[in-house]
1. Quick check: residue separation of ARG61 and GLN111 times 0.36 nm, minus the Cα distance between them. What number comes out in nm?
2. Mind telling me which of VAL42, VAL135, VAL151 comes out most flexible in a GNM of the chain, alpha-carbon contacts under 10 Å?
3. Note down the relative contact order for the stretch 4-180 as a percent, whole number, built from C-alpha pairs under 8 angstrom at least six residues apart.
4. Would you mind classifying the chain by shape? Square roots of the alpha carbon gyration tensor eigenvalues, ordered a ≥ b ≥ c; an a/c under 1.5 is rounded, otherwise it is prolate if a/b is larger than b/c and oblate if not.
5. Considering the options GLY36, PRO16, GLY75, tell which one lies farthest towards the positive end of the dipole of the stretch 1-141, charges being +1 on Lys and Arg and -1 on Asp and Glu at the Cβ, about the Cα centre.
6. Once you've got the GNM for the chain with C-alpha springs shorter than 10 Å, pick whichever of ALA165, ALA120, ALA72 has the biggest mean-square fluctuation.
7. Please go through the stretch 129-185 and write out the trypsin sites (Lys or Arg not before Pro) that DSSP classes as loop and that have at most 10 other C-beta atoms within 10 Å.
8. How would GLU112, GLU10 line up from fewest to most surrounding beta-carbon atoms within 10 angstrom?
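Please treat every number below as a calculation from the coordinates, not as lab data. Because the structure is a prediction, the values reported are computed rather than measured. Virtual Cβ from ideal backbone geometry, glycine too; neighbours counted across all protein chains shown.
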Amino acid sequence: MAATLSAMVELGSTAPAFSLPDVTWGSQVALSDFTGFKGLLVIFLSRHCPYVQHVKTELGRLGRDYAGRGLAIVGIASNDVRSYPDDAPGRLKELAASEGWRFPVLFDETQEVARAYHAACTPDYFLYDRDFKLVYRGQLDSSRPGNGVPVTGSDLRAAASALLAGQPIPRGQRPSLGCSIKWRP
């Protein structure tokens, strides 16, 4: 399987605005809906990618563990569904339900949001502070499909916990690794 590293966008960058349909609850969700939270985690994901399949249970745990603690989470799916129909809204809704994800999963049909965020792979993680300034972009943890390292979310959890506690975010951030975003021709 070919792997792509995240782009490691510059820390301090402002989260690009978005307004996208949520495949899980059928509403429209915008960046501005997350005003008032201590932080926002944006995860670019897909259903078909083996890297996302590898961490999907941990994504559910993240949603449950950080619920009510001031961290909002949103998933965004941007793959070309004509070439990858398993990433279509209905299939994403099934994945979210089967994994008990408590966060909205948005469908970026035009791929404009993925481009604005410089998302490169799935999964690709972007953690923002209350002012929507980027404080972490990198891997969930060191686990990869087939490497035998347990999925714990340790890197991302350390950053999120530090953010919520008002402590410095770890600076030794390593890029996420996953399937490339499947861009439309």
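1. Numbers: separation 50, 0.36 × 50 = 18.00 nm, distance 2.72 nm.
Extra length available between ARG61 and GLN111 comes to 15.3 nm.
2. Checking each option, the largest mean-square fluctuation is seen for VAL151.
3. Result for the stretch 4-180 is 33 percent.
4. Working: a/c = 1.36, a/b = 1.16, b/c = 1.17.
Note, shape of the chain comes out rounded.
5. Of the options given, the answer is GLY36.
6. Answer for the Gaussian network model of the chain: ALA165.
7. ARG171
8. Lowest count first: GLU10, GLU112.
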